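S.K.: Can you keep this structure in mind? I'll have questions shortly.
The values are calculated or read from the model by the stated rules, or taken from the named source; none is laboratory data. The shown structure was predicted, so the numbers you read here are calculated from the model rather than taken from an experiment. Neighbour counts are summed over all protein chains in view; Cβ atoms, including those assigned to glycine, are modelled from backbone coordinates with ideal geometry. Areas reflect the complete protein model, heavy atoms only, side chains present, ligands, DNA and RNA absent. Shrake-Rupley method; radii C 1.70, N 1.55, O 1.52, S 1.80 Å.
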Amino acid sequence: MNVFQKIGLVFSIFLLLTGHAFAVHPQLFLDSTELTFIRSKVANKSADWQRLKEHCDALTTYSMQWPHATSGGSSRTRGYVAGSSHARGIIYTGYFGSGFYNALVDLGACYQAIKTTDEHAARRYLATAHLIITAIAQPPLTLTRQKDGAVRYGHSIDARGNDLLAGAAASIFLSSRNSEVSAGDIVTVSGALGCTSLNGTWKVSGVTGNILSLTNTDGTPTPVLKANCTRFSVVATANLGFPTRFWLPGLAVAYDWFYDGLSDLEKTNILTTIDAWLKEIKVCAYGQTHPESNYFTGYFWGLVSAYVATDGDDPAMTTSLISQIDASFTAPHALRDYHNLWLGGGGFGEGWQAYGYTGTRNLMNAVLAMKVHGTDWTHSPYNFTLVDDTLRYWMEFTTPSKLSLDDNEYVYPIGATDKGVTEPVWIPLGHAAMFSAVARRCNSPYASQFQSWYGAVGTRLKAAAGTTVPAWSTGVYTSQPTLVDEFLYYDSNANSSDWTALPLMYRAWGGNYAVSRSDWTDAAVEVTLLGGPSVGMAGNGKTQFNAGSVTVQRGNARLVVYGLGEAARSGDIVDFAQAHILHNERASYGNRKNSIFWAGASVSETRNQGLPSRTPPPGLVSSVTSWGSSIDRAENVGAYTYWRASGLEANNARSAIDGKYHQTGWTREVFFLRPKLVVVHDLTAVLNNSDDRAMFWTFGRNITPAAAPLGMKRYDASFKGVYRGAFTSVLPASPTTVSVADHDDMHFLYRVEVRPAAMDHQNDIWLAVLDAADTAEKVTSITSIIATNADAVQFNDANHTVVAFAHLSPPTLPITVPLTSLGKLYVAGLSPSTAYSVNVSNTAVTIAADDGTHRVTSSEAGVLTISPPVQ
């Protein structure tokens, strides 16, 4: 039994022995510290309070519309709780209950902020909350199975969510994840209103989908219903799924934040409805299958919100919730361990848009709620790293433009209708405001830097709204902070320190996703490398198996791109039908939209690899504790960043032609020479000499051939007249086969495919240079160097820099690098922290085993830096 369970058990025993409830409401987020904070804003008439109050005042004039249909949707045919369709606005279900949840949070924040100073306004907010509670806290029907006493909950509606009317045959709609109840079971139904003749003991004569047909217990037909079933019969458990993330927290907020204004009946109905939700979730095993799925995060936040809001008032519910939270959080392979292992450093494998933002917010909600309630998951004995990981990731992976997060994860092309919008992963400042409060309450070492980041990014996003990000106040996903998030969580007077003092390189996703930049200016060059598995919940098809992918951008000008991210920026030429094609490709043919290596039994297969990897990755099986690929070397110094990703073949798909894995080896090295040059070196192996293989380099429009040194191929990239940079394939040397594919003939995404001239061998060496210059004239010229036991290029820069990579690990010695001009030399792929003897002449540098002379020691990542002369 862990500490969390022991605390809960003590509370439960106390309540059982004394029969007293000792909870003091509110206790969900709003402790004395938070109440003092928001009430000081009221006293000072802060701008954010004035905006929120105006909104809450407006809500009190809105009509209230009943939920309808099994999805919890809304329909005017069900009437209005108050007001009419001509009211200023309507409070209704929204997306799976989000409309009710958002209204309750807004009204609850206003109610708690003002109830001690403006009783009249508080009563108006409470009155509107009563209407919402009436709609969402109507207990469902209770079904008790005779043979074992098992309890399920149902609804007096048909398959479309319409109430059963007088004269209809008796039937019950169970949750959308029906289980346990079968034809032949005898069940007792209670709780039906209006059609009270539905209450009684019946035999289940058949199960069609989620509809239970009923007869008398002897099998004779049931009498038809004598009256219409009540219009209050629809609650979201009728479609147990997405609504969990909204309905359970909504019920929790309604109960806790309005507690002192609720009638005993309202309190009972809310608790009963919450209990029904919890039991249905448990029976259906909803949201419990994988700790990263956005379904899971919604379910988990629902559990935590219900626990914190009701703790101390219902001993049985408290005990059940503690058990479920513990099983989801600290059990083997559950949320904490999975996150710390596979998402250490931040990120969200299902992608930021449209799942990761909400999923991460759900988890941060849970952490803050528990912290305020007295349990800090970020410290011992829990040691859940989510808070620091998220803060650091959001700051480090902010793109140079300060308008978005890195998009090398799944990106839904919501921006496809926004002409000219070029940032599909814009940052929702409402979530960020809330994260700033979590950082302060959990004493994160990044709290003051995140405060500074929030101000800087918020200023940029507001200025860009409607141009390079969606309009500030419209659309499905906006950057504008919600009124209530800004009021509840953002403290403009909190400590602030320079966030751009963070390191220029950062590794996330359990150490296997990395970013580096030239500097923190808006025009900086940013490079990313994904070196581990596709961590995302790939079973939902929300991510691509793109391990090994590289992206490069300068400011907002992207050179090599992540395909789905680029697709989301193509609203000016990609229509909805095309967007749907691209959307569906994420699961079946995603790899061809990334800058990666692939191999197959044929050219067609190489271009169309499927979803599976060699073994189920963490995103499919939560019990996976190791993976074959990783960034096993990484370092950052003033002049460069170096990464090596090994074992990338672990992410290879099985051939659909012969059932074999044709990619048997892949090691990728990335050398980012500041401020704008990126050298990528790959060592690959395939199963058969004749196997097709190619290095894919993916660009957003447009690319054009350009002059290159003998034996190389170069393409220049641009977008709407803005130069993005140059790509040069150095190895394999000509006559290499280089072709360009127009992805799906949509004219926005182009793939350069580099292949060796002959398929008569198994091992290949590849070397490419990416130059993020802002004009073609500023592209640094390259000279290919034929080295011994290494691959190298020399740049015509001020230092005559040479970047070389050892062929093998450990390296074969001696390595000799001829120099056309005596300059600075970097040799990567050597043994880490090892002394070598280095001899320099006017024409070459030779690196040999240490013999005690001219000794130079490699770095911890195996990079040797030589600045002649070496004596």
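S.K.: Cα gyration tensor of the stretch 155-307, axes a ≥ b ≥ c as square roots of the eigenvalues: rounded (a/c below 1.5), prolate (a/b > b/c) or oblate?
M.R.: oblate
S.K.: Estimate the FRET efficiency between T704 and S473 by the formula 1/(1 + (r/R0)^6), using the beta-carbon distance for r and 30 Å for R0, to the nearest 0.05.
M.R.: The pair T704/S473 has a calculated efficiency of 0.15.
S.K.: Could you check what % of the DSSP bridge pairs in the chain are antiparallel, to the nearest 5?
M.R.: Expressed as a percentage, antiparallel bridges in the chain total about 95.
S.K.: Check the chain for me: any Cys whose beta-carbon has no other cysteine beta-carbon within less than 4.7 Å?
M.R.: C284, C442
S.K.: How much length, in nm to one decimal, is gained on full extension between A316 and D632, taken as 0.36 nm per residue of separation minus their Cα-Cα distance? Write out the running numbers ahead of the final one.
M.R.: Details: separation 316, 0.36 × 316 = 113.76 nm, distance 4.92 nm.
Using 0.36 nm per residue and subtracting the Cα-Cα distance, I get 108.8 nm.
S.K.: Charges on Cβ only, +1 for Lys and Arg, -1 for Asp and Glu, centred on the Cα centroid of the chain; of C442, T801, A183, which one is farthest towards the dipole's positive end?
M.R.: A183
S.K.: Of (i) 22; (ii) 44; (iii) 8, which is the value of percent of Cα pairs over 53 Å apart derived from the coordinates here?
M.R.: Here percent of Cα pairs over 53 Å apart agrees with entry (i).
S.K.: Can I ask one more? Give, in nm to one decimal, the length gained when the segment between D498 and E860 is fully stretched (0.36 nm per residue of separation minus the Cα-Cα distance).
M.R.: Additional length available on full extension: 127.4 nm.
S.K.: Given that compact globular proteins tend to follow 2.2 N^0.38 Å, what is the ratio of the alpha-carbon Rg of the stretch 365-524 to that value?
M.R.: Ratio of Rg to 2.2 N^0.38 Å for the stretch 365-524: 1.05.
S.K.: Enter the accessible area of E34 (Å², nearest 10), with the probe set to 1.4 Å and all protein chains included.
M.R.: Solvent-accessible area, nearest 10 Å²: 20 Å².
S.K.: Now for a separate question. Just to make sure I understand: if all protein chains stay in place, what is the order of F576, F696 by accessible area at 1.4 Å, largest first? Intermediate values should be presented prior to the final figure.
M.R.: Details: F576 145, F696 0 Å².
Largest to smallest exposure gives the sequence F576, F696.
S.K.: What pairs in K279/K593; K593/K713; K267/K462; K53/K462; K282/K371; K226/K279 have C-alpha atoms more than 32 Å from each other?
M.R.: Correct reply: K279/K593; K267/K462.
S.K.: For the stretch 549-660, what does the alpha-carbon gyration tensor say about shape, rounded, prolate or oblate, given a ≥ b ≥ c as the root eigenvalues, a/c under 1.5 as rounded, and a/b over b/c as prolate?
M.R.: Oblate shape, in that a/c is at least 1.5 and b/c is the bigger or equal ratio.
S.K.: Further, regarding this structure: Give me the accessible area of K371, 1.4 Å probe, in Å² rounded to the nearest 10.
M.R.: 50 Å²
S.K.: So, one more: In terms of the Cα gyration tensor, with a ≥ b ≥ c the square roots of its eigenvalues, is the stretch 480-531 rounded because a/c is under 1.5, prolate because a/b exceeds b/c, or oblate?
M.R.: It is prolate, given that a/c is not under 1.5 and a/b is the larger ratio.
S.K.: Moving on to the next point. Put W394, W627 in order of accessible area, largest first, 1.4 Å probe: what do you get? Walk me through the intermediate numbers first.
M.R.: Values: W394 0, W627 45 Å².
Largest accessible area first, the list is W627, W394.
S.K.: How high is the relative contact order of the chain? Use alpha-carbon pairs under 8 Å, at least six apart in sequence, and give a whole percent.
M.R.: Relative contact order of the chain: 7 percent.
S.K.: I'd like the orientation of helix 294-310 relative to the chain: the angle between its Cα long axis and the longest Cα principal axis, in ° from 0 to 90, rounded to 10.
M.R.: Taking the Cα atoms of the chain, the angle to 294-310 is about 40 degrees.
S.K.: Angle check, please: helix 119-136 long axis (alpha carbons) against the longest principal axis of the chain (alpha carbons), in degrees 0 to 90, nearest 10.
M.R.: Helix 119-136 sits roughly 90 degrees off the main axis of the chain.
S.K.: Next up: Roughly how big is the stretch 213-315's charge dipole about its Cα centre, with Cβ charges of +1 (Lys, Arg) and -1 (Asp, Glu), in debye to the nearest 20?
M.R.: Working: 6 positive and 11 negative charges, 94 e Å.
So the magnitude is around 460 debye.
S.K.: Please list R460, R123 in order of solvent-accessible area, largest first, computed with a 1.4 Å probe with all protein chains present.
M.R.: Values: R460 90, R123 130 Å².
The ordering from most to least exposed comes out as R123, R460.
S.K.: Filter the trypsin sites (Lys or Arg not before Pro) in the stretch 652-721 down to the DSSP loop ones having no more than 16 other Cβ atoms within 10 Å, then list what survives.
M.R.: Taking the stretch 652-721 and a limit of 16 other Cβ atoms within 10 Å, the loop trypsin sites (Lys or Arg not before Pro) found are R654, K660, K720.
S.K.: Let me cross-check V283: its accessible surface, 1.4 Å probe, with only protein heavy atoms counted, in Å² to the nearest 10?
M.R.: Estimated to the nearest 10 Å², V283 gives 50 Å².
S.K.: Here's a follow-up. Send over a whole-number figure in Å² for the accessible area per residue of the chain, probe 1.4 Å.
M.R.: 35 Å²
S.K.: Ignoring any ligand, DNA or RNA, what whole percent of the accessible area of the chain comes from carbon and sulfur when the probe is 1.4 angstrom? Kindly include the intermediate steps, with their values, before the conclusion.
M.R.: Numbers: 16260 of 30420 Å².
Answer for the chain is 53 percent, counting heavy atoms of protein chains only.
S.K.: Once both axes come from the Cα atoms, what is the angle between helix 264-284 and the longest principal axis of the chain, in degrees from 0 to 90, rounded to 10?
M.R.: So the inclination is approximately 50 degrees.
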